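Beneath this line is the structure, given in structure tokens, with notes to follow.
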Amino acid sequence: MSAVVHSRAEFAGAREVLEGPVGLVPTLGALHAGHVAIIERARAFCESVVVTIFVNPMQFAPTEDLAVYPRTLAADLAICEQAGVDVVWAPSVEDVYPGGPAQVSVDPGPLGAELEGAARPTHFAGVLTVVAKFLGLVRPAVAFFGEKDYQQLVLITRMAADLELGVGIAGVPTVREADGLALSSRNVFLSAADRARALTLSRALFAGQAAAPGGAEAVLKAATSMLDAEPGVAVDYLALRGADLGPVPPHGSARLLVAARVGSTRLIDNVEVVL
């Protein structure tokens with residue numbers, strides 16, 4: 001049975017008796033099958049698994065959806081129990097930031113100002129700071145993150161390496177609905193019509209992926225044609241990058257990423273392409 005704790009003191013007591021290696025799955029809650037896949041990967045590689053459920057105010061700008069972000073703790077706890085999580089830590093803001101807002105934060109570097117960072121300038125400093133705090137508090141051997149938030153995964157991996165944090169960072173492939181829509185906690189905000197329009201994102205990515213043998217230009221042309229065909233999708237960016245989100249290599253693994261607003265909901269998705 002999962003131990004559910006809230007305060008730092010409660011977590012410290014629960015952490016003390018966990019057998020290692022410990023795997024950490026940080027989440028904002030509103031858990032779905034994508035999170036379950038991440039938990040299952042952690043379960044396969046680690047003796048004990050800790051899931052954190054925390055809607056981090058530091059990663060939301062004042063104009064973003066912090067107040068309405070879905071909070072489904074009872075359902076989340078049931079999912080964690082079924083998935084075999086050892087400890088669920090659901091702290092308050094005061095537990096995570098006991099002295100008030102963090103005075104020192106993690107600078108995400110140049111990549112943090114690109115792609116998602118261009119649209120959400122303060123986002124990645126907030127993400128990296130809270131992840132660094134949880135890594136220090138939980139002391140896992142490995143922390144697991146979904147590839148759907150691919151730029152986040154790249155930046156966390158870089159932070160762990162650059163700051164010598166002594167923790168492994170593992171990515172877990174995106175889980176999709178049968179029709180291709182990437183699972184996201186924000187999908188609950190989509191109307192039926194907007195959900196149908198949202199399928200354009202994954203279709204565009206898969207079209208680009210299929211065109212990869214023709215090179216980078218063919219990838220972007222195929223994906224752009226698909227996005228242009230759906231006027232109900234307002235594209236923020238479509239970008240082809242290297243696997244580390246650096247320059248596109250002439251051959252080999254790359255990443256095709258898209259962000260768009262469908263109705264009032266902003267969605268992101270990405271796929272690997274092999275040029």
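Residue by residue through segment 84-99, note down the ones that are of a type outside the set (A, V, I, L, M) and at pLDDT 95 or above.
So the first thing to find is which residues in segment 84-99 are of a type outside the set (A, V, I, L, M), and the list is 84, 86, 89, 91-92, 94-95, 97-99.
Result: 84, 86, 89, 91, 92, 94, 95, 97, 98.
Return the residues of segment 244-275 that are open to solvent by 40 Å² or more (accessible area, probe 1.4 Å) and either over 19 Å from residue 229 (Cα atoms) or in a loop (DSSP other than H, G, I, E, B) (or both); say none if nothing qualifies. Of everything in segment 244-275, those that are open to solvent by 40 Å² or more (accessible area, probe 1.4 Å) and either over 19 Å from residue 229 (Cα atoms) or in a loop (DSSP other than H, G, I, E, B) (or both) turn out to be 244, 247, 248, 250, 251, 253, 263, 264, 272, 274.
When you look at residue 81, is it modelled with pLDDT of 95 or more, out of contact with any helix residue (DSSP H, G or I) (no Cβ under 7 Å at 6 or more places or on another chain) and of a type in the set (Asp, Glu), yes or no?
On the way: modelled with pLDDT of 95 or more: yes; out of contact with any helix residue (DSSP H, G or I) (no Cβ under 7 Å at 6 or more places or on another chain): yes; of a type in the set (Asp, Glu): yes.
Against the criterion (modelled with pLDDT of 95 or more, out of contact with any helix residue (DSSP H, G or I) (no Cβ under 7 Å at 6 or more places or on another chain) and of a type in the set (Asp, Glu)), residue 81 qualifies.
Among the residues of segment 1-20, those that are in contact with a strand residue (DSSP E or B) (Cβ under 9 Å, 6 or more places away or on another chain), open to solvent by less than 60 Å² (accessible area, probe 1.4 Å) and assigned to a loop (DSSP other than H, G, I, E, B) comprise 2, 18, 20. Between 246, 214, 208, the distinction of being within 17 Å of residue 116 (Cβ to Cβ) and modelled with pLDDT of 95 or more belongs to 246 only.
Residues that are under 28 Å from residue 195 (Cβ atoms) and open to solvent by 60 Å² or more (accessible area, probe 1.4 Å) were ranked within segment 150-181; the one that is nearest to the chain's Cα centre (by Cα) is 173. When you look at residue 184, is it over 21 Å from residue 127 (Cα atoms) and either open to solvent by less than 70 Å² (accessible area, probe 1.4 Å) or β-branched (Val, Ile, Thr) (or both), yes or no? In short, no.
Taking residue 139 as the residue in question, decide whether it is touching a residue at least 40 places away in the same chain (Cβ under 8 Å), within 30 Å of residue 206 (Cβ to Cβ), surrounded by fewer than 19 Cβ atoms within 10 Å (Cβ to Cβ) and of a type in the set (D, E, K, R). Break it down stepwise before answering.
Numbers: touching a residue at least 40 places away in the same chain (Cβ under 8 Å): yes; within 30 Å of residue 206 (Cβ to Cβ): no; surrounded by fewer than 19 Cβ atoms within 10 Å (Cβ to Cβ): yes; of a type in the set (D, E, K, R): yes.
No: the conditions fail for residue 139.
Across segment 227-243, what is the total count of residues that are touching a Gly at 6+ places or on another chain (Cβ under 9 Å) and part of a strand (DSSP E or B)? Selection size over segment 227-243: 3.
Rundown of residues vs (1) open to solvent by less than 60 Å² (accessible area, probe 1.4 Å); (2) not β-branched (Val, Ile, Thr), yes/no style:
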{"residue": "28", "(1), (2)": "yes, yes"}
{"residue": "45", "(1), (2)": "no, yes"}
{"residue": "83", "(1), (2)": "yes, yes"}
{"residue": "87", "(1), (2)": "yes, no"}
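Do we find a residue being within 25 Å of residue 175 (Cα to Cα) and assigned to a strand (DSSP E or B) anywhere in segment 32-43? No. Here residue 13 fulfils each of the conditions (1) out of contact with any helix residue (DSSP H, G or I) (no Cβ under 8 Å at 6 or more places or on another chain); (2) in contact (Cβ under 8 Å) with a residue 12 or more places away in the chain apart from (2).
The values are calculated or read from the model by the stated rules, or taken from the named source; none is laboratory data. Every value quoted in this text rests on a predicted model; they were computed, and no experiment measured them. Note that each Cβ is placed from the backbone with ideal geometry, even for glycine, and that neighbours are counted across all protein chains shown. Side chains included, ligands, DNA and RNA excluded: accessible areas come from the protein's heavy atoms. Shrake-Rupley method; radii C 1.70, N 1.55, O 1.52, S 1.80 Å.
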